Amino acid sequence: MTVDTRRYNTAYWLFIIVFQYDKKPEYNNQLLRATNLLITAVRFMNSLRDQILEPEVFHLQPKKSNTPLFRKVTGFLPESLSWYGAYLFKAFPLDMSQFSGLFGATRIPLPNKDKIIRDPTSRHILVQRNGSFYIFDVLDKDGNLLPPSEMLGNLSQIVNDNSQKSQYHLGVLTCQNRDKWAMQRRYLEENGNKEALHKIDSAIFNLILDDENIKDDKHKLLKHFLHGDGLNRWFDKSFSLIVTQDGCSGVNFEHSWGDGVAVLRFFQELYTETTTKPFVHPDSKPINNNITVKKLEFQLDDKAIQFIENAKREYKEWCDSLSIDYILYEGLNKEACKKLKVSPDCIMQLGFQAAYHLLHGKYVGTYESCSTSAFKHGRTETMRPCTEKTKLFCDSLHSNNLSKGELRSIMQECSAYHTELVKQASMGQGFDRHLFALMKVAEENNMSRPEFYDSYEYKYLNKSVLSTSTLSAPSVMAGGFGPVAKEGFGIGYSAFPDKLGAAVTSYKAHNDSSQFIEALQRSFTDITDILSG
């Protein structure tokens, strides 16, 4: 599988989701939490490999279908008929072809296009600590999970490794322009590092142990999980599971292979099992007589060292150019929106439009990701939340020409139209992917590129100044990603049961995310005032 690499910097194509802390403080110990997350992750993978993982299902009426009876009935039906059985319950199985991309996968840099490689037989895990790379098997030769005490013992050995810290942090090379990294990786392979790199590529996934303490610092949390300093990262893996010193944990995933449907399902199962049925406990003792940890060694000459030093400098400059801020607005929440008969997602998107209009007095291309996993091999379609109706609302709100009742009526129209657009996009009725596919068909068949694709209108439409995406679940504390346009904002958001939340990123040279947050606070307050009136 090859992947277009026009987006070069890490935060463009990386997404983060951060777990809530375990409610039992003693289980937030770094070693304990890392071990429990590792065990559950491998259990999830084994269920997937054995084809016994419960299907991903969209429940139209969850009280009727998300029940033991539904699972019993559909479980008895042959595979060819189970979909029809689910349909009778108003439940719709979703495509799960992306799930295999979670494990044993890496995005290999190549000139012009990257290549995703997968090893479905992998038995070892990759662990990073202090910039060093370690591997150890988590499955025996028959594919069975090793005992929890052995997992704990191997991770304990890594945590307590007092050998010299890595002097040259190879992982920072994955932070670079992909063509540059492709050239450097080829050089590393040709100079004695091919086998070590293969161990990284084929690992089930990457477990990162960091010395940071996050505590309640949300700014620090977002920066650390989204990009960090790059010294203890390997961004090419399909995902990295990050655990800090104080047990703050999250997933940083590379976006080309899959989308939020697969990652969020995995994320939720990790959180649920590790917080309700953990395999290791504060009094658990590691087994020290079956340690299989190996530390990977790399052959680095002066040229390779210079690669690393240059990458560190460039990555720091890039990180320093990024502005990150967040909002937790408690004046409105998901349940309140539903009671007021407006879409929570629409209310948040309306807030983003109003905030941008407040700052810049105009409207811009806005992207909202919408899953098309109802279709075989479905990925996403673009839902465009900036419409004539949202424009009318924002213009009216900021001109103070209409009453609250009139604004409320326009808001209701925005909500109904927004819901319809989401439905159309998820059912394959969007136009963005269709147009993109036609362009690619023309390119691959050496046809002349239609003038339409070079038009001002098409380019303007596809410049996502506001790029937005949501991943909501009780287990999620935060999520986010980087801006996809230099003058744009990257907005990861959630409508929680008790509040509305958003993490906003931008480039300091063009925008200040803190100013956007201030405008968003005002916009949410205005919207709440209209709804309450």
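The values are calculated or read from the model by the stated rules, or taken from the named source; none is laboratory data. Because the structure is predicted, anything quoted here is derived from the model rather than measured. FYI the Cβ positions are ideal-geometry reconstructions off the backbone, even for glycines, and counts take in every protein chain you see. Heavy atoms of the whole protein, side chains included, go into the accessibility calculation; ligands, DNA and RNA do not. Shrake-Rupley method; radii C 1.70, N 1.55, O 1.52, S 1.80 Å.
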Tell me yes or no: at least one residue of region 495-514 is of a type in the set (V, I, T) and either outside any strand (DSSP E or B) or in contact with a His (Cβ under 6 Å, 6 or more places away or on another chain) (or both). no
Would you check which residues across region 417-438 are exposed (fewer than 15 other Cβ atoms within 10 Å of the Cβ) and free of Cβ contacts under 8 Å to residues at least 60 places away in the same chain and list them? E420, K423, M427, G428, Q429, F431, H434, F436, A437, L438
The number of residues in region 153-209 that are under 23 Å from Q245 (Cα atoms), open to solvent by 10 Å² or more (accessible area, probe 1.4 Å) and of a type outside the set (A, V, I, L, M, F, W, C) is 12
I'd like the full set of residues that are open to solvent by 10 Å² or more (accessible area, probe 1.4 Å) and either in contact with a Leu (Cβ under 8 Å, 6 or more places away or on another chain) or within 23 Å of A196 (Cβ to Cβ) (or both), limited to region 133-152. Y134, I135, D137, D140, K141, L145, L146
Residues that are surrounded by fewer than 19 Cβ atoms within 10 Å (Cβ to Cβ), on the phi < 0 side of the Ramachandran plot and touching a His at 6+ places or on another chain (Cβ under 7 Å): does region 109-129 have at least one? no
Can you find, within region 19-47, the residue that is most open to solvent (accessible area, probe 1.4 Å) among those that are of a type in the set (A, V, I, L, M, F, W, C) and touching a Ser or Thr at 6+ places or on another chain (Cβ under 7 Å)? L31
Could you list, ordered by first residue, the pairs with Cβ atoms under 6 Å in which the first is in region 302-322 and closer than 19 Å to G482 by Cα and the second is open to solvent by 70 Å² or more (accessible area, probe 1.4 Å), at least 6 apart or interchain? S321/K508
Among the residues of region 425-484, count how many are part of a loop (DSSP other than H, G, I, E, B), touching a helix residue (DSSP H, G or I) at 6+ places or on another chain (Cβ under 7 Å) and more than 24 Å from P344 (Cα to Cα). 3
What tally of residues in region 55-85 results from selecting those that are touching a Pro at 6+ places or on another chain (Cβ under 9 Å) and at pLDDT 85 or above? 5
Failed criterion for F225 (all others in (1) part of a helix (DSSP H, G or I); (2) under 21 Å from the mean Cα position of the chain (by Cα); (3) surrounded by fewer than 23 Cβ atoms within 10 Å (Cβ to Cβ); (4) not β-branched (V, I, T) hold): (3)
